[in-house]
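Here is the structure we will look at, set down as structure tokens.
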Amino acid sequence: MATAAAPTMAPLKREEALIEEFGYDDHFHDHHHGDKYQSNFVSHYIFSMDHKMIAKQFLITGMFWAIIGAVMSLIFRMQLGFPEESLAWLKPLLGKWITVNSEGIGTLQQDFYYALVTMHGTILVFFVLTAGLSGTFSNLLIPLMIGARDMASPLLNMLSYWFFFVSGTIMFASLFLSTGPFAGGWVAYPPLSALPQAMDGSGAGMTLWTISLVLLVVSLLLGGINYITTVLNLRTKGMSMWRLPLPIWAFFVTAILGLLSFPVLTSAFFLLMLDRGIGTSFYLSDIYIGGAALDHVGGSPILYQHLFWFLGHPEVYIIILPAFGIVSEVLSVNSRKPIFGYQAMVFSILAIAFLAFIVWAHHMFMSGINPFIANFFVIFTLIIAVPSAVKVFNWIATLYGGNIRFNPASLFAIGFVSMFISGGLTGIWLGNSALDIQLHDTYFVVAHFHIVMGVAAFFGMYSGIYHWFPKMYGRFMNDTLGKVHFWGTMIGAYCVFWPMHYLGMAGVPRRYYSFDSFQTFGHFDGMNKFITIAAIITFGFQLLFVINYFWSIWRGRKMTTKNPYNANTLEWTTPIEVGHGNWPGKLPTVQRWAYDYSKDGIDHISQVQPIMEGESVDH
């Protein structure tokens, strides 16, 4: 590391001239000019192999699923908040799942209530926060930020989206089955998931649910292999691993997590389908239905829990790590400061990834696990808070003393830090095997993971969308609507989920259709009404975001400069209207790390700017 300081730095050249002078020619135009990239409507918008278009496909599909999942949550929240009110007005939408009596009072059928809870969890965890978040930003940013023309395999990249689309289509079709979609919980514990006759939703709905998620795993594996290969092999000249922007580190490690953990879920589903279809007993033993014993002996539902949560806990970080990377970039750019502790941020991502694989049984403290083994998982659950705390400290240190620009992207990034702190702290209680006896399967758990994983991940996604929207469409989203969206969502999310901590501490169980039969929970009616009203209002702010997004695609303020944020990373050196191949001429050569902000009296120094003689170098 050089330490000599230069009294002044030569004036910055235009980035185009620097790329022309120092960039290198990969003969892209010699070999790929002409008909190969002359596309029609179908090949450009539908079966596209351009990573930027595929990112838009993932994002818009994820937005569709987010709306579906949110509407489901509103329906079951109305059941919980206002169980005495008629839901007959929902009959045109839900059909037979709303029962209307002779007085015209409509009630939601209990089986469908559980189906809504199940599908809400499945859709938000897998289709929105896994495929939607990672698929969007990994596709959009990896080639642009590392200086590559496209992904290592554009064909596999296209297939990853279409497996995702087909998976979603099958899941959507299950909503229209006469017996209803799967209703055994998004974690699909046996025996409800393993016995087709257990309940209506355990039949065809469960079969389609399983097929859908297996196809989703195929999509995620295709994407993950592509992301890893692209980062390792297609980095531009000078882009060492220690010069990668933090989003790329996050996407890279996320892909590795998915590659190692999702096949385990597939194996769990394979054994589950054998139990369902040909009478094996991997997960079943001593089962009685209607007083009659079934021929299942020797299996254990705990085996399924181990296999599911071996994916399920890395899955938490598969969701949140991309948001970590996005937030790190947005905070640095908008505070006009270098990210604090770049190497510590990278090592904390790697530490989280490693520890994510050895904490899964903290979801199983109530399953009869040996207390000694439980203590092992308690220790590592608490240890995993350390690298998370390092990241929080570094985000706050990055903001401290910065010249912060309070635009929607930075507001959502700051909101993410707030959500991650407040939601993460409650995990310390749940990670304690003794305290978990009281808190397990209560609304305390719902509050914890919705804030730290659900809302926080959405905040990271929103921050990224507002920040890189100009790179996707050449226009800006409306700032005023964006700020209204932030404040409405920030206040609304806390109003929805913070009271749930108190419900959980009082012992109110999750997934219950009604609390009318429990006199001890009657005094929480007002709190349930408050949560439901807050949820409806908060959903309205999300519709405002959707309107802003699609309106801005065609009517937003146009970009007039390639680098509107004065950022340093390579995606802001591409043309305003980016073609397939990203850079029209030579690929840029990277000369420095990505976070030279407010250095030696200069506001920002692009990664393509050569290091000056005597300049102090960070990386």
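The values are calculated or read from the model by the stated rules, or taken from the named source; none is laboratory data. Please read these numbers as outputs of a predicted model, since none were measured by experiment. Here the Cβ is made from the backbone with ideal geometry for all residues, glycine too, and neighbour counts use every protein chain on show. Remember, those area values only see protein heavy atoms, side chains included, never the ligands or the DNA or RNA. Shrake-Rupley method; radii C 1.70, N 1.55, O 1.52, S 1.80 Å.
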> Can you list residues whose amide H is under 5 Å from SER300's amide H, if they're 5+ apart or on another chain and H is modeled 1.01 Å from N?
Replying inline: TYR283, LEU284
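Measure off, as a whole percent, the carbon and sulfur share of the 1.4 Å-probe accessible area of the chain, all protein chains present.
67
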> Can you pull the semi-axes for region 416-573, root of five times each eigenvalue of the Cα gyration tensor, sorted largest first, whole Å?
Replying inline: 39, 19, 9
>> If the reach is capped at under 28 angstrom between alpha carbons, list the lysines near LYS96, excluding any in the same chain fewer than eight residues apart.
In response: LYS529
>> Please give the charge dipole size of the chain, origin at the Cα centre, charges +1 on K and R Cβ atoms and -1 on D and E Cβ atoms. Round to the nearest 20 debye.
In response: 900
> Per the Cauchy relation, a quarter of the hull surface: what is the mean projected area of the convex hull of the alpha carbons in region 365-448, in nm²?
Replying inline: 6.5
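Given a 1.4 Å probe, how much area per residue of the chain is accessible, in Å²?
40
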>> Can you give me the solvent accessible area of TRP97 with a 1.4 Å probe, rounded to the nearest 10 Å²?
In response: 30
> Which residues' amide hydrogens lie under 5 Å from the amide hydrogen of TYR24, considering only partners 5 or more residues apart or on another chain, with H built in the peptide plane?
Replying inline: LEU587, THR589
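What shape does region 150-292 take by its C-alpha gyration tensor, where a ≥ b ≥ c are the square roots of the eigenvalues and a/c under 1.5 counts as rounded, a/b above b/c as prolate, and the rest as oblate?
Working: a/c = 3.57, a/b = 2.42, b/c = 1.48.
Note, shape of region 150-292 comes out prolate.
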> What whole number of Å gives the distance from the Cα centroid of region 333-383 to the Cα centroid of region 122-153?
Replying inline: 23
> Could you give the Stokes-Einstein D for region 314-371 in µm² per second, using the C-alpha Kirkwood radius, 37 °C, 0.692 mPa s?
Replying inline: 243
> When only Cα pairs under 8 Å and 6 or more residues apart are kept, what is the percent relative contact order across region 177-258?
Replying inline: 25
>> What is the distance in Å between the Cα centroid of region 207-268 and that of region 281-312?
In response: 31
> Given a cut-off of under 8 Å on Cα pairs at least six residues apart, what relative contact order in percent is computed for the chain?
Replying inline: 19
> Which whole-Hz couplings ³J(HN,Hα) result when phi for each residue of region 437-452 is put into the Karplus expression 6.51 cos²θ - 1.76 cosθ + 1.60, θ = phi - 60°, listed in order with x for Gly and Pro?
Replying inline: 4, 7, 8, 4, 6, 10, 5, 5, 5, 4, 5, 4, 7, 5, 6, 7
> For the chain, max minus min Cα coordinate along each principal axis, in Å, sorted largest first?
Replying inline: 83, 52, 51
> What are the residues whose amide H is under 5 Å from the amide H of VAL508, where those residues sit 5 or more places off or on another chain and H is modelled from the backbone?
Replying inline: TYR443
> Under the Karplus relation 6.51 cos²θ - 1.76 cosθ + 1.60, θ = phi - 60°, what is the ordered set of whole-Hz ³J(HN,Hα) values for region 534-546, x standing for Gly and Pro?
Replying inline: 4, 5, 5, 5, 4, 4, x, 5, 6, 5, 4, 4, 4
> Ordered by residue, what ³J(HN,Hα) values in Hz, to whole numbers, does region 373-378 give under the Karplus form 6.51 cos²θ - 1.76 cosθ + 1.60, where θ = phi - 60° and Gly and Pro are x?
Replying inline: 5, 4, 5, 4, 6, 4
> Taking GluC sites (Glu not before Pro) that fall in a DSSP loop and have at most 15 other Cβ atoms within 10 Å as cut points, what is the longest piece of the chain between them?
Replying inline: 104-576
> In whole Å, how far is the Cα centre of region 424-477 from that of region 569-602?
Replying inline: 31
>> Need one value: the accessible area of VAL218 in square angstrom, 1.4 angstrom probe, rounded to the nearest 10.
In response: 50
